[in-house]
Amino acid sequence: MKKLSLLLILALMLSVFSACAGNSEAGGSTAAPAGSESAAPAGDNTPAPSVSSGRDDLIIAINQDIKTFDLMYGSGMLMTQLGINVYDSLLQFENDGTPNPWLAEKWEVSDNGLEYTFYLREGVKFHNGEELKASDVVFTVERGRESPKMSAICANIATIEALDDYTVKVVCNEISSTFLIEFCGEKFPIYNQKAVEEVENYGDHPIGTGAYKFVSNEQGSKIEFEAFDEYWHGAPAIKKLVYRIMPDNFTAGVALESGDIDMIWATNAATAATLEQNEKLVLLSEPSINVLYVAMNTQAAPFNDVKVRQAVNYAMDREMIQDIVDEGRSDIKDYLPLDTMPGFVEPKTRYSYDLDKALSLMEAAGYSESNPIEVTMLTNTANQKLAEVVQECLSAIYIKANLDVLETNTFTSQVYTSSTILSVSNFNMIYNDMDMINRFYNSARIDLHNAPRYSNTRVDELLELGRGELDVEKRREYYGELIEIVQEDAPYAALSNPHIIRAYNKDLNVAKSYTHGIFMFDVSWN
Amino acid sequence: MIRYVLKRLLLMIPVLLGVAFIVFSVMSLAPGDPARAILGENATQEQLDMLNTQLGVDQPFLIRFGTFVVNVVTKLDFGLSYNSQRPVFDEIFTRFPYTLRLAVLGVIFSSIIGISIGVFSAIKQYSPFDTISTILALFFASVPGFWFGMMLILLFALQLGLLPSNGLDTVKHYILPTLSIAIPYSAGILRLTRSTMLETVRQDYIRTAKAKGVTEWVIIWKHAFRNALLPVITQLGNVFGQLLGGAVVIETVFAIPGLGSHIVNAIRMKDTPVVMASVMLLAFFFCLVILAVDLLYAFVDPRIKAKYARR
């Protein structure tokens with residue numbers, strides 16, 4: 001009896017165990033919709049050895065799950081990277097901001113700068129077999145108006161209409177030098193009306209005109225794509241694209257070295273140092289669009305005094321930040337905009353580490369060792385290390401900053417309120433244009449994105465002028481004046497521009513890496 | 001016996017309700033705005049307010065808790081994840097099997113290693129075998145699991161290239177994660193087994209058995225071991241519970257899509273539906289494990305079984 005019961009228990013355990021094993025294989029993934037099932041690879045993918053030639057698949061490590069493939073409703077650089085596999089936009093951008101024809105073969109701008117006419121490429125197919133029509137572009141804009149991510153961009157579009165199947169006319173409310181960037185960058189993917197309306201759970205089954213068809217998404221584990229053979233630009237060289245989710249940099253590094261994976265989308269400096277030693281790998285360390293900064297509330301004491309803000313700028317030991325926070329893999333910054341932005345002018349007012357200057361400014365503002373400042377400094381978990389270094393720098397100029405580290409969502413809901421005096425954070429400059437700094441300095445953005453609650457009527461004016469101006473030289477003039485004012489007023493102390501570090505097998509040809517990621521169409525094996 | 005099991009199963013209801021209440025309160029007290037988490041940084045205040053109303057976040061605490069309980073009890077509906085907008089239940093059940101399999105494997109292997117070596121150490125007390133195994137046990141009990149996992153990866157995956165370092169696709173993939181869970185835990189079980197065995201073999205009835213001329217093998221496995229097993233079973237139950245929720249680090253190091261790392265992410269994102277559902281699931285399984293442990297006592301120890309019979 002006893003033995004029998006023990007046997008039963010053992011059998012029960014085994015059955016639970018095997019039931020689970022069956023479960024995950026059957027229900028573990030969200031399968032692709034009908035239509036793209038033809039070549040869906042079955043079975044497990046035992047990692048191929050890194051004997052390069054002859055391969056047409058690619059395994060890339062990413063560090064987190066993707067919320068949704070409906071790009072209008074998600075956010076993050078990673079989603080953009082995966083999104084550009086599936087979707088195309090009307091124009092494709094070079095890193096310097098020049099637009100190239102993409103889904104639109106050509107475009108015309110009316111003399112008054114308000115009307116844009118796009119001529120679509122003919123015969124472009126969506127993954128569901130539908131042909132790209134002007135009505136899809138109209139549908140995309142109308143759908144975008146509803147989404148929190150696109151509504152701001154679409155607001156400037158007064159009307160959009162399909163003149164015929166391959167011609168779209170867009171009328172803007174006001175002249176915008178950033179129109180092409182906002183509307184046509186990789187942030188504005190073209191959707192297929194039929195697919196969005198017919199596919200249930202569209203965010204899990206995206207359909208676009210891109211080089212890769214979505215196959216499956218096994219949460220926490222891997223995301224698979226396969227080449228779209230009818231891609232208008234030609235069939236891509238890599239036929240099967242697998243993104244493995246590896247939250248740990250060490251794990252991804254080992255997997256790359258042992259040939260389990262072929263590429264790491266982004267890794268950290270510590271892992272990069274190990275990977276650098278490996279001759280079989282290529283390490284790509286290039287400026288990202290991420291800028292780290294301190295924001296000071298210009299409407300409340302003590303930072304309503306410009307001398308204190310300038311002192312903070314002089315007190316930042318940016319080289320130490322580069323060494324400690326970015327482990328050397330970053331560019332030092334003392335102004336917010338990126339040098340690559342069209343319209344960028346290098347400021348004349350610069351801040352380098354100068355403790356004497358900082359101290360004399362503090363003393364001029366009435367602070368001293370016996371009369372120090374004590375404030376709360378907000379930051380999020382991602383920037384804790386940076387904030388600790390900033391705290392150290394501030395302590396040298398009589399500012400005692402008490403660190404309050406919040407989870408990212410809580411931080412976002414608190415950092416733009418009036419009660420925040422001092423904060424350390426970062427921002428991804430998703431639009432490669434000087435107009436991006438509008439969110440940092442425009443007084444209309446107070447309570448929204450303008451953390452220092454900075455308000456200067458001339459700056460607001462210049463921001464409007466810069467956006468409404470199409471002439472390149474005029475724009476540079478406006479932004480040149482603007483940047484001197486904001487450098488002088490110093491509501492922020494910009495700190496650094498960390499590099500994005502990618503690593504991949506040296507037998508891979510990676511033609512080009514954009515600021516927003518790697519266009520997988522350009523990748524092939526030697 | 002069956003009545004006892006039924007009674008215990010019924011008792012799980014108030015326990016789970018209590019767990020739900022505590023976790024729900026903690027999640028409501030924590031700062032943060034679910035609408036902000038869903039819509040992102042660019043959403044306007046109106047969009048945020050609208051979504052919060054839609055989610056029912058602006059309702060009073062007790063009403064929210066009541067709605068949650070009613071939905072779960074009547075429809076087994078834990079809602080949509082704030083973060084991914086996917087049904088929480090689906091998300092959890094794609095991940096839970098990995099966690100469960102690892103936990104079961106971890107318990108099986110740590111008990112095999114821990115108990116067998118523990119018993120032999122006790123029998124051969126002060127022998128070189130005992131000394132070496134005690135020292136090793138002390139070492140592995142003190143080593144952090146993730147470090148041990150990393151070392152295994154570096155040796156077997158990178159240097160020797162024998163085993164895959166990440167994922168759980170084939171049987172081979174299970175070897176390293178199972179070892180890095182089983183070996184540190186088996187160290188604890190080994191020490192416990194050894195000390196309880198040492199205690200038991202000094203009891204009078206063992207001496208009597210020896211005096212009767214019973215073979216050593218029978219004395220150890222039939223008389224001493226079964227008595228020494230009770231605390232070890234309790235410990236195994238605890239280990240299983242810890243592994244269900246706490247293998248986060250191992251899951252991260254081996255890139256396994258388990259539940260542990262999912263919960264940690266959900267807490268970070270203040271994704272209340274995911275946290276609630278995962279914690280409830282783990283609590284449910286933990287209750288089952290504790291029940292199973294209590295029942296195992298009965299099989300191991302006839303005295304306990306007799307007590308059940310009387311009830």
By how many degrees, between 0 and 90 and to the nearest 10, does the Cα long axis of helix A:457-468 differ from the longest principal axis of chain A? 40 degrees
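Can you list, largest first and rounded to whole Å, the semi-axes you get for the protein assembly as shown by taking the square root of 5 times each eigenvalue of its Cα gyration tensor?
One finds semi-axes of 55, 33, 27 Å for the protein assembly as shown.
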Nitroxide proxy distance, nm - points 7 Å out along Cα→Cβ at B:Lys222 and A:Glu105: 9.3 nm
B:Thr215 and B:Phe284 label points (each 7 Å along its Cα→Cβ direction) are spaced in nm at 4.8 nm
Under 13 Å from the B:Ile13 label point (7 Å along Cα→beta-carbon), backbone N, segment B:73-97: B:73-74
On the full set of protein chains, 1.4 Å probe, figure out the accessible area of B:Val119 and give it in Å² to the nearest 10. 0 Å²
Compute the distance in nm between two label points, each set 7 Å from the Cα along the Cα-to-Cβ direction, one at A:Thr381 and one at B:Gln125. 4.8 nm
Tally up the carbon and sulfur contribution to the accessible surface of segment B:2-75 as a whole percent, 1.4 Å probe, everything protein left in place. 71 percent
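Using a 10 Å cut-off on Cβ to Cβ distances, tally the other chain neighbours for every residue of A:234-245 and report the average as a whole number.
Values: counts 0, 0, 0, 0, 0, 0, 0, 0, 0, 0, 3, 5.
Taking the mean over all residues of the peptide, I get 1.
List the accessible area buried at the contact between B and A, summed over both sides and calculated with a 1.4 Å probe, in Å² to the nearest 100. Mind dumping the intermediate values first?
Values: alone 17280 and 23120 Å², together 36300 Å².
Heavy-atom accessible area buried at this interface is about 4100 Å².
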Cut-off 14 Å (backbone N to label point 7 Å along Cα→Cβ of A:Asp229), residues of segment A:199-213: A:213
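Ignore the peptide's own chain and count Cβ atoms of other chains within 10 Å of each Cβ in A:404-414; give me the average, rounded.
On the way: counts 0, 0, 2, 8, 7, 16, 7, 2, 6, 8, 3.
The shielding value for this peptide is 5.
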Choose one of A:Ile153, A:Met520, A:Asn249: the residue whose Cα lies farthest towards the positive end of the charge dipole of chain A (beta-carbon charges +1 Lys, Arg; -1 Asp, Glu; about the Cα centre). A:Asn249
For segment A:276-303 and segment B:1-75, compute the distance between their C-alpha centroids and round to whole Å. 38 Å
Ranking B:Met50, B:Met269 from most to least accessible area with a 1.4 Å probe gives B:Met50, B:Met269
Which one, A:Ser455, A:Leu114, A:Ser177, is farthest towards the positive end of the dipole of the protein assembly as shown when Lys and Arg carry +1 and Asp and Glu -1 on their Cβ? A:Ser455
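I'd like to check one number: the per residue accessible area of segment A:99-143, probe 1.4 Å, reported in Å² as a whole number. Kindly include the intermediate steps, with their values, before the conclusion.
Values: 1970 Å² over 45 residues.
Normalised by residue count, the accessible surface of segment A:99-143 is 44 Å².
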With the dipole of chain B worked out from charges on the C-beta (+1 for Lys and Arg, -1 for Asp and Glu) around the Cα centre, which of B:Val218, B:Met27, B:Thr131 lies farthest toward the positive end? B:Val218
Within segment B:96-310: Cβ-based charge dipole about Cα centre, in debye rounded to nearest 20 (Lys, Arg +1; Asp, Glu -1): 720 debye
Kirkwood radius from Cα pairs of segment B:2-75 plugged into Stokes-Einstein at 4 °C, 1.567 mPa s, gives D in µm²/s equal to 88 µm²/s
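Using a 1.4 angstrom probe on the protein heavy atoms only, could you order A:Phe126, B:Phe225 from most to least accessible area? Mind dumping the intermediate values first?
Numbers: A:Phe126 0, B:Phe225 30 Å².
Greatest to least solvent exposure: B:Phe225, A:Phe126.
Sorted by average packing, counted as other Cβ atoms within 10 angstrom per residue and highest first, what order do A:222-235, A:150-163, B:58-71 take?
A:222-235, A:150-163, B:58-71
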Using a loss threshold of 50 Å², tell me which positions in segment B:81-129 are less accessible in the complex than in their chain alone. Probe radius 1.4 Å, ligands and nucleic acids ignored. B:Arg86, B:Thr94, B:Arg95, B:Arg101
Which order, highest average first, do B:232-243, A:208-219 follow once you tally other Cβ atoms within 10 Å for each residue and take the mean per peptide? A:208-219, B:232-243
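Relative contact order of chain B, please, whole-number percent, based on alpha carbon pairs below 8 angstrom and at least 6 residues apart.
Values: 327 pairs, mean separation 81.3, N = 311.
In percent, rounded to a whole number, it is 26.
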Work out how far the C-alpha atoms of segment A:266-309 reach from end to end along every principal axis, then list the three figures in whole Å, largest first. 55, 17, 15
Residue-normalised accessible area of segment B:2-75, expressed per residue, 1.4 Å probe, Å²: 63 Å²
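In square nanometres, what is one fourth of the surface area of the convex hull spanned by the alpha carbons of chain B? Don't jump to the answer; show the numbers that get you there.
Details: hull surface 84.7 nm².
It is 21.2 nm².
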Antiparallel DSSP beta bridges within chain A, as percent of all bridges there, nearest 5: 75 percent
D (µm²/s, integer) via Stokes-Einstein for segment A:415-526, Kirkwood Rh across alpha-carbon pairs, 25 °C, 0.890 mPa s: value 146 µm²/s
Partner lysines whose C-alpha sits under 22 Å from that of A:Lys333, ignoring same-chain residues fewer than 8 away, are A:Lys307, A:Lys348, A:Lys357, A:Lys385
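Mind ranking B:Ile304, A:Ile190 by accessible surface for me, highest first, 1.4 Å probe? Don't skip to the end; give the middle numbers.
On the way: B:Ile304 35, A:Ile190 5 Å².
These residues rank, largest area first, as B:Ile304, A:Ile190.
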Can you tally the lysine pairs in segment B:96-310 where the Cα-Cα distance is under 26 Å and the two residues are eight or more apart, or on different chains? 7
What residues in segment B:245-294 lose 30 Å² or more of accessible surface when the other protein chains are added to their chain alone (1.4 Å probe)? B:Thr252, B:Val253, B:Ala255, B:Pro257, B:Arg268
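Could you work out the mean count of beta carbons from other protein chains within 10 Å of each residue's beta carbon in A:214-227?
Working: counts 0, 0, 0, 0, 3, 9, 13, 10, 4, 0, 0, 0, 0, 0.
Partner Cβ neighbours, averaged per residue: 3.
Would you mind telling me the share, in percent, of accessible area of segment A:428-478 contributed by carbon and sulfur at probe 1.4 angstrom? Could you put the intermediate results ahead of the total?
Details: 1020 of 2170 Å².
After summing per-atom areas, the C and S share lands at 47 percent.
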For A:Asp331, distant residues with modelled amide H under 5 Å away: A:Asn497, A:His499
Counting helices only, and only those DSSP H runs with n ≥ 4, report the 222 nm mean residue ellipticity of chain B as the sum of -39,500 (n - 2.57) divided by its residues, in deg cm²/dmol to the nearest 500. -25500 deg cm²/dmol
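The values are calculated or read from the model by the stated rules, or taken from the named source; none is laboratory data. Predicted model only: the values in this text are computed from it and were never measured. Every residue, glycine among them, receives a Cβ derived from its backbone with ideal geometry; neighbour counts consider all protein chains shown. Quick note on the areas: whole protein, heavy atoms, side chains included, nothing else; ligands and nucleic acids left out. Shrake-Rupley method; radii C 1.70, N 1.55, O 1.52, S 1.80 Å.
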